[in-house]
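Below is one structure, written out as structure tokens, with a few remarks after it.
The values are calculated or read from the model by the stated rules, or taken from the named source; none is laboratory data. Everything numeric here is computed off the predicted structure, so don't read it as measured data. Cβ sites come from the backbone with ideal geometry, for glycine too, and all protein chains shown count toward neighbours. Accessible surface areas use protein heavy atoms only, side chains included; no ligands, DNA or RNA. Shrake-Rupley method; radii C 1.70, N 1.55, O 1.52, S 1.80 Å.
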Amino acid sequence: MTYTDGIVKPKTKRSKRFLQNREPKLTENIKNTMIMKGGNTTETVTQALKDIYALKKPNAVLYKKKNIMRPFEDSTSLEFFSKKSDCSLFLFGSHNKKRPNNLIFGRLFDYHVLDMIELGIEKFTSLKDIKMSKCPEGTKPMLVFAGEAFDIDNEHKRLKSVLLDFFRGPTVSTVRLAGLEHVLHFTALDGKIYMRSYKVLLKKSGCRTPRIELEEIGPSFDFVLRRTHLASDDLYKTAHKQPKALKPKKKKNVSHDAFGTKFGRVHMQKQNLDKLQTRKMKGLRKRRGEMAATEESTSPKKHKVDE
């Protein structure tokens, strides 16, 4: 690739395809996640990063080497790695005396940090500690959020938005019933966030609708909310802005009710109902006297002129 006046020009077909994949699109690519650990970690943090990477595969990149950085103080290193690996989500694990067993969930907009939320691990159960059959790799999970804090508190609202972005997976048009086999449940209670992972079991119920059971497969976390770095309202609004080409065009005289029923309004010219052809019946025929009276009333009156 050659750089001229700040513009990157590809020399080969491979570099041209690479740049085309990175350029803005109306429908963006699947959001990739980079998972990395800091200079000082524990076995709990390392295993937690591996388990979350197992949930995120194949749309994730796991950095095995240690990266000495402090995202809340200087985020330039995160932005550099984001641009290098084309990732808009990140998970950073670290450990120190002041904040032990630390996980930072975050997302980026235009390769700049948008939101960061720091969660501390108080209790952790790994995937390998629960001896159950797991969901296949790349399974799109169903996300459930319980607790009033996710609807009232501003920080919990933004945390819910970050977790939705982080775990929702690719956007699909159709879903089959057998594909709904993984549930991620988040509960906000007494200042803590509980994350549980379940496998959906479809049992026979004697009717068409199967009986549903949940089986915990891990990982499970007990988090406590720590530091936050939230984007301003203007930047958050800019990040959610949709291009005009994707906005649905408004159709005139078409509306929908609360149940999705479509209503249309048709505009017609004024009709003369006097000449409307109706069914011919003897009872509806006019008599001779009535016809003469109507002709006299409709004919213009002639004024007498004196000679």
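For Ile68 and Lys262 in one chain, what is 0.36 nm times their gap in residues minus the Cα-Cα distance, to one decimal in nm? Walk me through the intermediate numbers first.
Numbers: separation 194, 0.36 × 194 = 69.84 nm, distance 5.75 nm.
Net length gain for the segment: 64.1 nm.
Take the Cα coordinates of segment 54-98, assign each an equal point scatterer, and use the Debye formula without solvent to give log10 I(q)/I(0) at q = 0.17 Å⁻¹.
With one equal scatterer per Cα and no solvent, log10 I(q)/I(0) is -0.56.
Need the full-extension length gain, Asp190 to His240, defined as separation in residues times 0.36 nm minus the C-alpha distance. One decimal, nm.
14.9 nm
What percentages make up the Cα-Cα pair-distance distribution of segment 61-165 when the bins are 5 Å wide from 0?
The calculated distribution, bin by bin, is 2, 9, 16, 20, 21, 17, 11, 3, 0.
D for segment 75-120, whole µm²/s, Stokes-Einstein with Kirkwood Rh over alpha-carbon pairs at 10 °C and 1.306 mPa s: what number?
For these conditions, the coefficient is 144 µm²/s.
Which whole-number percent gives the relative contact order of segment 23-138, counting Cα pairs below 8 Å spaced six or more residues apart? Don't jump to the answer; show the numbers that get you there.
Details: 184 pairs, mean separation 34.0, N = 116.
This gives 29 percent for segment 23-138.
Residue by residue through segment 113-121, what is 3J(HN,Hα) from phi via Karplus (6.51 cos²θ - 1.76 cosθ + 1.60, θ = phi - 60°)? Round to whole Hz and write x for glycine and proline.
Result, rounded to whole Hz: 5, 9, 9, 9, 10, 9, 10, x, 8.
How large is the helix-only mean residue ellipticity at 222 nm for the chain, computed as the sum of -39500 (n - 2.57) over DSSP H runs with n ≥ 4, divided by its residue count, in deg cm²/dmol to the nearest 500?
Calculated at 222 nm, the ellipticity per residue is -6500 deg cm²/dmol.
Over the chain, what is the percentage of antiparallel beta bridges among all DSSP beta bridges, to the nearest 5?
75
Quick check: net charge around Val200, other residues with Cβ under 14 Å of its Cβ, Lys/Arg +1 and Asp/Glu -1?
That sum, taken over residues with Cβ under 14 Å, equals +3.
Test of understanding: in a Gaussian network model of the chain with alpha carbons linked when under 10 Å, which of Lys251, Lys280, Lys84 would top the mean-square fluctuation ranking?
Lys280
Compute the distribution of all C-alpha to C-alpha distances in segment 135-189, in bins of 5 Å from 0, and list the percent of pairs in each, rounded to whole numbers.
For segment 135-189, the pair-distance distribution reads 4, 17, 27, 21, 14, 12, 6, 0.
Assuming a ≥ b ≥ c are the square roots of the Cα gyration tensor eigenvalues, decide whether segment 98-225 counts as rounded (a/c under 1.5), prolate (otherwise, with a/b larger than b/c) or oblate.
Numbers: a/c = 1.88, a/b = 1.55, b/c = 1.22.
Judged from the Cα gyration tensor, segment 98-225 comes out prolate (a/c at least 1.5, a/b above b/c).
In nm, what is the difference between 0.36 nm times the number of residues separating Asn40 and Leu201 and their Cα-Cα distance?
Going from the current span to full extension adds 54.0 nm.
When the Cα centres of segment 52-118 and segment 134-153 are compared, how far apart do they sit, in Å?
For segment 52-118 versus segment 134-153, the Cα centre distance is 20 Å.
At a threshold of 8 angstrom on Cα-Cα distance, excluding pairs fewer than six apart, so keeping six or more, what relative contact order does the chain reach in percent?
14
If I take R0 = 25 Å and measure r between the Cβ atoms of Val144 and Asn29 in this structure, what FRET efficiency does the formula 1/(1 + (r/R0)^6) give, to the nearest 0.05?
According to the calculation, E is roughly 0.40.
Just how far, in whole angstrom, is segment 173-232 from segment 237-262 if you go by their alpha carbon centroids?
31
Tell me, Kirkwood radius of segment 1-131 from alpha-carbon pair distances, in Å?
Hydrodynamic radius (Kirkwood, Cα pairs) of segment 1-131 is 16.4 Å.
As an exercise, use a Förster radius of 22 Å and the Cβ-Cβ distance of Thr76 and Asn96 to find the FRET efficiency, rounded to the nearest 0.05.
Efficiency, from the Cβ-Cβ distance: 0.60.
So what does the Cα-only Debye profile of the chain read at q = 0.06, 0.07, 0.14 Å⁻¹, as log10 I(q)/I(0), no solvent term?
Debye intensities relative to I(0), on a log10 scale: -0.37, -0.45, -1.22.
On average, how much accessible surface per residue is there in the chain, in Å², for a 1.4 Å probe, leaving out ligands, DNA and RNA?
Accessible surface, normalised per residue, equals 74 Å².
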